[in-house]
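Written below as structure tokens is the structure these notes are about.
The values are calculated or read from the model by the stated rules, or taken from the named source; none is laboratory data. Computed from a predicted structure; not experimentally measured. For neighbour counting, all protein chains shown are included, and Cβ atoms are generated from backbone atoms with ideal geometry for every residue, glycine included. The protein model used for the area step is the full one, side chains on, heavy atoms only, and it has no ligands, DNA or RNA in it. Shrake-Rupley method; radii C 1.70, N 1.55, O 1.52, S 1.80 Å.
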Amino acid sequence: MSKSTMVHQSAFTLMIDIKPGQVDNLRKYLYQGEQKQNDKIFPFKYLDSIHFCRMFIVDALRDLNDDVVEPARFVFTSNFDNSVEQQFQLLANVVPDTLDEIFSHCQKYPPKEKMNVTSRVQWMKDHNVGTNLFWTADVGGTVQIIRDEERLRKHVEKLVSSKKANGDWDGYSATMIKEAIKADLKTNGFGWALVSRPKSSLSYKLKSAWTFIWKLAVILLGACVLVLPIIPIILILVLSQIFNNNAQKVLKEKKDNDEYYERPEDELQEVIESEDFNYQNQLTIYGTINKPYWFRKSLLQLCLFIFRFNGQFKATKGVLSGITTIHFARWVLFDNTKYLMFCSNYDGAWESYLGEFIDSASPAMNLTFGQTYGFPPIKWLIGGGAFNEQAFKSVVRDHQYLCQVFYSAYPRLSIKNILNNKEFRK
């Protein structure tokens with residue numbers, strides 16, 4: 001155990017067009033698996049490397065003439081241990097029938113009798129749009145480690161309570177009690193807990209450092225080429241404010257003309273009722289990059305690039321932009337960066353979670369989702385926008401997607417519990 005290396009977490013984002021006329025059939029199938037927790041449909045217990053996963057349908061996007069602009073899509077996201085390649089291999093080997101049933105509703109999926117492990121893996125690779133930014137609160141905390149450390153805490157609590165009640169440790173010093181606990185752990189199959197968690201391999205550290213260095217070098221080189229580096233910064237701020245002022249005017253005009261999208265009341269109520277699924281919940285927001293597209297896209301990509309390194313080298317203690325309830329989070333740009341999707345797994349209620357964003361991460365939300373259509377107007381890149389609490393919560397609900405399937409490997413553990421157990425083991 002002491003010689004083993006850390007297993008890092010990864011993520012995939014499958015996004016696949018659904019066949020015409022198959023949306024309702026697929027939705028019914030997905031809800032059946034979720035509501036009945038049917039292991040034959042979704043045998044998650046056999047996929048012990050998955051932390052969280054979700055499946056949902058994005059309905060077709062239509063224009064004002066009711067013509068389809070973008071087809072309906074099936075989206076499957078997962079956070080797991082090991083690499084994407086290994087996870088696809090696991091899915092194709094363990095749940096081939098489930099994959100065939102789901103993907104049979106999707107466009108261009110071959111008949112299942114023509115599919116095998118290799119072709120299923122390739123199909124998923126072909127439809128994986130990846131992530132632009134992926135963050136995990138407990139780096140290196142595999143599903144097995146998280147579950148084992150919870151068992152460890154419970155065992156030690158029960159042991160201490162029993163010894164205290166029986167007076168077995170009366171007169172023991174703190175050192176003697178610690179040694180007694182260690183001896184008990186060795187006897188009862190918890191010897192692994194006396195060894196530290198696996199560390200990142202040297203090759204992984206070198207690869208991460210090299211990636212950071214060369215990308216930073218590219219940025220610095222670009223900055224050096226500019227005669228006056230302050231000019232582009234001022235230009236970005238000025239352009240941002242000009243474009244935001246224009247966007248605000250356009251938004252007002254569309255609202256006045258009843259062209260601005262607001263979720264119908266019945267759909268809105270369904271979204272609200274689905275928000276607080278359990279102690280752990282998920283949030284999926286889907287936005288369209290606003291005009292002028294070239295500027296918004298470039299600014300968004302730059303921000304995600306900076307945030308990615310912040311998450312990799314600074315936000316490594318379970319706190320993301322001041323938010324302490326997130327297990328995993330990802331930002332995904334897709335369809336030639338026309339759209340942005342944010343997915344997170346978090347603890348507690350929707351209202352509290354959004355409140356944390358407003359209190360701690362409004363500037364970050366303004367720099368990312370502030371570049372999408374319908375977001376509350378931002379000022380000078382980081383002001384306004386998410387700071388407007390009611391407008392922010394309203395636009396989130398208008399762009400939030402229902403999740404037909406949501407799975408957690410440890411539904412009763414908050415990220416605070418997990419990190420406390422990690423410290424307890426030390």
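Filter the range 123-147 down to residues that are more than 12 Å from the chain's Cα centre (by Cα) and polar (S, T, N, Q) and give me whichever is most open to solvent (accessible area, probe 1.4 Å).
Here is the first cut: in the range 123-147, the residues more than 12 Å from the chain's Cα centre (by Cα) are 123-129, 138-147.
Still in the list and also polar (S, T, N, Q): 128, 142, 144.
Values: Asn128: 46, Thr142: 19, Gln144: 102 Å².
Per the criteria, the residue is Gln144.
Tell me the residue from Tyr346, Tyr407 that is of a type in the set (Ser, Thr, Tyr) and open to solvent by less than 20 Å² (accessible area, probe 1.4 Å), please. Walk me through how you get there before you give the answer.
On the way: Tyr407 fails: open to solvent by less than 20 Å² (accessible area, probe 1.4 Å).
After applying the criteria, what remains is Tyr346.
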*Answer yes if at least one residue in the range 154-177 is under 30 Å from His8 (Cα atoms), touching a Phe, Trp or Tyr at 6+ places or on another chain (Cβ under 7 Å), buried (at least 16 other Cβ atoms within 10 Å of the Cβ) and not acidic (Asp, Glu), and no otherwise.*
yes
*Starting from residues that are aromatic (Phe, Trp, Tyr) and part of a loop (DSSP other than H, G, I, E, B), keep the ones in the range 369-388 and report whichever is nearest to Leu302 (Cα to Cα).*
Trp380
*Test each condition in (1) under 27 Å from Ala329 (Cβ atoms); (2) open to solvent by 30 Å² or more (accessible area, probe 1.4 Å); (3) modelled with pLDDT of 90 or more for Pro20 and report the one that comes out false.*
(1)
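To keep it simple, each residue is scored yes or no on (1) surrounded by fewer than 19 Cβ atoms within 10 Å (Cβ to Cβ); (2) modelled with pLDDT of 85 or more; (3) more than 30 Å from Tyr407 (Cα to Cα).
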site: Phe295; (1), (2), (3): yes, no, yes
site: Phe307; (1), (2), (3): no, no, no
site: Asn310; (1), (2), (3): yes, no, no
site: Phe313; (1), (2), (3): yes, no, no
site: Thr316; (1), (2), (3): yes, no, no
*Output yes when any residue across the range 350-368 is more than 24 Å from Val139 (Cα to Cα), open to solvent by 10 Å² or more (accessible area, probe 1.4 Å), touching a residue at least 24 places away in the same chain (Cβ under 8 Å) and not in a helix (DSSP H, G or I), and no when none is.*
no
_Give me the residue from the range 179-201 that is open to solvent by less than 50 Å² (accessible area, probe 1.4 Å), within 26 Å of Gln9 (Cα to Cα) and touching a residue at least 24 places away in the same chain (Cβ under 8 Å) and, out of that set, nearest to the chain's Cα centre (by Cα)._
Ser200
*Does any residue of the range 330-339 turn out to be of a type in the set (Asp, Glu), farther than 28 Å from Trp210 by Cβ and either open to solvent by 30 Å² or more (accessible area, probe 1.4 Å) or assigned to a loop (DSSP other than H, G, I, E, B) (or both)?*
yes
_Contacts under 9 angstrom Cβ, first residue in the range 311-326 being charged (D, E, K, R), partner at pLDDT 70 or above, 6 or more apart_ = Lys317/Ala137; Lys317/Leu419
